[in-house]
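Here's the structure, in structure tokens; my notes come after.
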Amino acid sequence: MKDREKEIKYLMYLKSELIRQTKKELKDLKTELESLNQEKTLKRTRKGSGYHGKN
């Protein structure tokens with residue numbers, strides 16, 4: 001009985017760590033996606049304003 005209790009608590013710990021890591025990865029991916037969208041918006045803005053990248 002005591003062993004099963006320890007096992008359950010350990011499994012709960014592992015699952016919570018997995019969730020924590022997954023949330024961190026999701027946050028990183030969202031940040032990367034936002035960065036890509038901003039970059040795309042900048043390119044579109046430059047193209048529409050007549051900017052050709054030449055000095």
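Every read-out reported here was derived from the displayed coordinates using simple, explicitly stated rules and does not represent laboratory data. What you see is a predicted model, and the numbers here were worked out from it, not measured in a lab. Backbone-built Cβ (ideal geometry, glycine too); neighbour counts: all protein chains shown.
Students often forget the sequence filter, so: which aspartates and glutamates lie under 15 Å Cα-Cα from Lys9 once same-chain residues fewer than 8 apart are removed?
Candidates past the 8-residue exclusion: Glu17.
Could you check the spin-label model distance between Ser16 and Asn37? Points 7 Å from the Cα along Cα→Cβ, value in nm.
3.2 nm
For Leu29 and Lys2 in one chain, what is 0.36 nm times their gap in residues minus the Cα-Cα distance, to one decimal in nm?
Taking Leu29 through Lys2 to full extension adds about 5.6 nm, to one decimal.
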